[in-house]
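To start, the structure under review is shown below, and the notes come after it.
The values are calculated or read from the model by the stated rules, or taken from the named source; none is laboratory data. Keep in mind that what you see is a predicted model, and the values were worked out from it rather than measured. Cβ: placed from backbone, ideal geometry, glycine included. Neighbour counts: every protein chain shown.
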Amino acid sequence: MTAPLTNWARNVEYRPAVLVSPRSVEELRDALAGTTKAKVRGSGHSFNRIADTDGSLISLGAMPSAVEIDHGRRIARVPGGLRYGDVVREIDAAGFAVPNLASLPHISVAGAVATGTHGSGDRVSPLSGAVAAVELMTAGGELRTIRRGDDDFAGAVISLGALGVVVAVELDLVDTFRVAQTVFERVPVDAVLADLGAVTTLGYSTSIFTTWRNPDVFDQVWVKCRAGEASVLPGSLLGGTAATSPLHPLPGVSAEACTPQLGEPGPWFERLPHFLLEFTPSAGDELQSEYFVDRRDAPAALQALRGIADQIAPLLQIAETRTMAGEAQWLSPTLGADTVAFHFTWVADQRAVEALLPTVERALAPFGARPHWGKLFAMEGDELAALYPDAQRFRDLRERLDPRDVFANAFLERVGLA
């Protein structure tokens, strides 16, 4: 038995039978041939047991790490074990960008895509939306490339690690661009609820932060504009004022770890995330949950959360509201509609947070809220699977690609997909 391993938040302890670090596709195939159970551990930034196994826990950190850029096709082939922060400079140096990034550059490409992780922007899809192909090694050692347009593609991108080992992904590229980031403080909640679109359309990407300690005011609104568009931002936002010094989303925390603000233009990869790669992101000592609803329901859903603010605030470090475009991935939380996401960064008290989550989920249930696959949530089984019309298609795909259930685990059983 290996020594215990933990995820990034240290709230999950893994106890695999063996830890495997293949250095090549051939070594990966050999590792899979010798195990009956396996999962891949990426950057460890999940907050639940999605990557847990009592078999072989696979790290892709020793696999070949070259990023291949096809200028003609405007595609980057990225090894699945790399973090976004490891590849963005190379993509930018080639004159390209990816359409969006999550708030953290610390997360692995394959893991982020497989769990439905996202950035923000009314017209921008989650990170999975930029995936053009997935290179997957099945439990039987077959290396398959599933491309956009293939019958299985909509089930193979957000796969929860249930289909095989993602050796690499191909990402769509756009022309490189520059972004300027401006933060507004103390924006009235009622004004935002009256016209959420007036806020979210201000920039390429917008984030609304609150501690819910004052249910009448959103503490900060971060607006990220493509350079050249930032000049149209007002000096105030629905009664909130532009910050005059850099801010961290968490009250009283130094902004040293945050990406540059104050309207200073810079590369896309240094502005779209909230945090810099070389620093510990967010608070560090935290737990996270996130729920997605149809954007048309966003004002009512925010009002519902406001109604339980007194229960949320004692366990909350910060909450963030972001928008994203809908997509067609079978297990995407943004399936079928443009979406708003409500993210919660909790204090590191798992028992108390887990006791609160059913209350949060009941408040959001009228809006068909879907949880982030990689974070803490209470929903399970048929209740959760019912939120995904294509759940059975995914089960069928999983059975076809992994008939021996090598990549199944207790988490997949819990969420009704194994």
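Would a scan of region 128-141 turn up a residue that is in contact with a Gly (Cβ under 6 Å, 6 or more places away or on another chain) and within 20 Å of S103 (Cβ to Cβ)?
Within region 128-141, the subset in contact with a Gly (Cβ under 6 Å, 6 or more places away or on another chain) is 136-138.
From the residues that got through so far, the ones that are within 20 Å of S103 (Cβ to Cβ) too are none.
No, region 128-141 contains no residue that is in contact with a Gly (Cβ under 6 Å, 6 or more places away or on another chain) and within 20 Å of S103 (Cβ to Cβ).
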**OP:** Scan region 376-397 for residues that are within 19 Å of S46 (Cβ to Cβ) and either in the same structural domain as Q350 (by TED's automatic domain parsing) or part of a helix (DSSP H, G or I) (or both) and report the count.
**Re:** 2
Subject >> Criterion violated by E13 - all others in (1) more than 26 Å from H118 (Cα to Cα); (2) surrounded by fewer than 19 Cβ atoms within 10 Å (Cβ to Cβ); (3) free of Cβ contacts under 8 Å to residues at least 60 places away in the same chain satisfied >> reply: (1)
Subject >> Any hit, region 34-51, residues being surrounded by fewer than 16 Cβ atoms within 10 Å (Cβ to Cβ) and closer than 27 Å to T138 by Cβ >> reply: yes
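Within region 183-193, restricting attention to residues that are part of a helix (DSSP H, G or I) and in contact with a strand residue (DSSP E or B) (Cβ under 9 Å, 6 or more places away or on another chain), which residue is surrounded by the most Cβ atoms within 10 Å (Cβ to Cβ)? Please lay out each step first, then the result.
Initial filter on region 183-193 (part of a helix (DSSP H, G or I)): 189-193.
Filter again for in contact with a strand residue (DSSP E or B) (Cβ under 9 Å, 6 or more places away or on another chain), leaving 189, 191-192.
On the way: V189: 20, A191: 17, V192: 26.
Across region 183-193, the extreme among qualifying residues is V192.
Can V88 be described as part of a strand (DSSP E or B), under 21 Å from the mean Cα position of the chain (by Cα), buried (at least 17 other Cβ atoms within 10 Å of the Cβ) and at pLDDT 95 or above? Give the derivation first.
Numbers: part of a strand (DSSP E or B): no; under 21 Å from the mean Cα position of the chain (by Cα): yes; buried (at least 17 other Cβ atoms within 10 Å of the Cβ): yes; at pLDDT 95 or above: yes.
Against the criterion (part of a strand (DSSP E or B), under 21 Å from the mean Cα position of the chain (by Cα), buried (at least 17 other Cβ atoms within 10 Å of the Cβ) and at pLDDT 95 or above), V88 does not qualify.
Which members of region 283-326 meet the condition of being among the hydrophobic types (A, V, I, L, M, F, W, C) and part of a helix (DSSP H, G or I)? Full working, then the answer.
At the first step, the residues of region 283-326 found to be among the hydrophobic types (A, V, I, L, M, F, W, C) are 283, 287, 292-293, 298, 300-302, 304-305, 308-309, 312-313, 315-316, 318-319, 324-325.
If the condition is that a residue be among the hydrophobic types (A, V, I, L, M, F, W, C) and part of a helix (DSSP H, G or I), then A298, A300, A301, L302, A304, L305, A309, I312, A313, L315 are the ones that fit.
Being over 25 Å from R271 (Cβ atoms), part of a loop (DSSP other than H, G, I, E, B) and over 19 Å from the mean Cα position of the chain (by Cα) is true for just one of G81, G149. Which residue is that? Quick ask: steps written out before the conclusion?
Values: G81 fails: over 19 Å from the mean Cα position of the chain (by Cα).
None of the other options fit; the residue is G149.
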Subject >> Contacts under 8 angstrom Cβ, first residue in region 191-202 being in the same structural domain as F342 (by TED's automatic domain parsing), partner outside any helix (DSSP H, G or I) and not hydrophobic (A, V, I, L, M, F, W, C), 6 or more apart >> reply: A191/G239; G197/D122; V199/T206; T200/D122; T200/T206; T200/T323; T201/D122
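Take G141 and tell me if it is touching a helix residue (DSSP H, G or I) at 6+ places or on another chain (Cβ under 7 Å), crowded, with 24+ Cβ neighbours inside 10 Å and in a loop (DSSP other than H, G, I, E, B). Break it down into steps so the answer makes sense when it comes.
Details: touching a helix residue (DSSP H, G or I) at 6+ places or on another chain (Cβ under 7 Å): yes; crowded, with 24+ Cβ neighbours inside 10 Å: no; in a loop (DSSP other than H, G, I, E, B): yes.
Answer is no for this residue.
Suppose we keep only residues that are farther than 23 Å from A300 by Cβ and free of Cβ contacts under 8 Å to residues at least 60 places away in the same chain within region 350-382. Which one would you say is surrounded by the fewest Cβ atoms within 10 Å (Cβ to Cβ)? Steps first, please.
Going through region 350-382, the residues farther than 23 Å from A300 by Cβ turn out to be 350-355, 373-374, 376, 380-382.
Those still in the list that are free of Cβ contacts under 8 Å to residues at least 60 places away in the same chain too: 351-352, 354-355, 380-382.
Working: R351: 7, A352: 13, E354: 15, A355: 12, E380: 14, G381: 12, D382: 9.
The extreme case among them is R351.
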